[in-house]
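Below is one structure, written out as structure tokens, with a few remarks after it.
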Amino acid sequence: ADAAEKSGRNPQSIRLVAVSKGVSFEKITEVGNCGHQLFGENKVQEAMEKIERLSRDFYRWHFIGHLQKNKVKFVVDQFDLIHSIDSASLAEAVHKKSCEHDTVTSVLIQINVSGEESKFGVDPGNLKKTLQKVFGLRGLRVEGLMTIPPWDPDPENSRTYFSLLRTLRDDMVKLGMDHIALDELSMGMSHDFHVAIEEGATLVRVGTAIFGPRETTG
């Protein structure tokens, strides 16, 4: 809220995703008891165990990790939003499974803004082509973009990448593709979320600043 107000934005326009990878059920419920509902998970198996135990009645779940095609069958109809669609072929796999479940899955397209080989995501120069490929897939609702900038202890060094994602989104919106609104920008983590908010983030993925160091590495 402080970061939003300093940026002249309405805090209600930004959602906090509490990243609960490696976090115990007890800590998640402790945060839930404070009124927070939205949690982000990176690993499919771990996430499914938490969803089964904690349910989706109160808790809302986002999948924010790398999604393999052979795991798509587990995530469709379980998460409110998938942040990490990193290729047209993965989008098509989610679409097909969504159609089997007679549902529509909300997704973000992950962009590799830094061009790092170690990062997943669509090359910014290929985003238009990717969106054109997923345009019309009735099992998907593309709601925006996501990125993970290179790690840097100075959050100001992430600003360029956040700005690039926002500009890329704005350029795609100008194309006027129906059913692809791109309202959401998922960017920013514990150490740089305030900079991401200044650059237009609507979803910030914060784990360590809420839960402390992870208890497991799974």
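The values are calculated or read from the model by the stated rules, or taken from the named source; none is laboratory data. In this text the structure is predicted, and so the values were computed from the model without any measurement. Cβ atoms come from the backbone with ideal geometry, glycine included; neighbour counts cover every protein chain shown.
Annotations for the structure displayed:
- Counted residues, the range 203-216 - those being surrounded by fewer than 19 Cβ atoms within 10 Å (Cβ to Cβ), touching a residue at least 40 places away in the same chain (Cβ under 8 Å) and either touching a Pro at 6+ places or on another chain (Cβ under 7 Å) or assigned to a loop (DSSP other than H, G, I, E, B) (or both): 3
- Set side by side, the residues K133, K119 differ, and just one is of a type outside the set (A, V, I, L, M, F, W, C), in a helix (DSSP H, G or I) and at pLDDT below 95, which is K133.
- Scanning the range 102-116 for residues that are surrounded by fewer than 13 Cβ atoms within 10 Å (Cβ to Cβ) and either modelled with pLDDT of 95 or more or touching a strand residue (DSSP E or B) at 6+ places or on another chain (Cβ under 6 Å) (or both) gives D102, T103.
- The condition (being aliphatic (A, V, I, L, M) and either more than 19 Å from F135 (Cα to Cα) or more than 17 Å from the chain's Cα centre (by Cα) (or both)) is satisfied by just one residue among V107, V113: V113.
Every residue, every condition in (1) under 18 Å from the mean Cα position of the chain (by Cα); (2) closer than 30 Å to G35 by Cβ; (3) among the polar types (S, T, N, Q); (4) surrounded by fewer than 20 Cβ atoms within 10 Å (Cβ to Cβ), yes or no:
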| site | (1), (2), (3), (4) |
| --- | --- |
| Q132 | no, no, yes, yes |
| L168 | yes, no, no, no |
| H179 | no, no, no, yes |
| G188 | yes, yes, no, no |
| A201 | yes, yes, no, no |
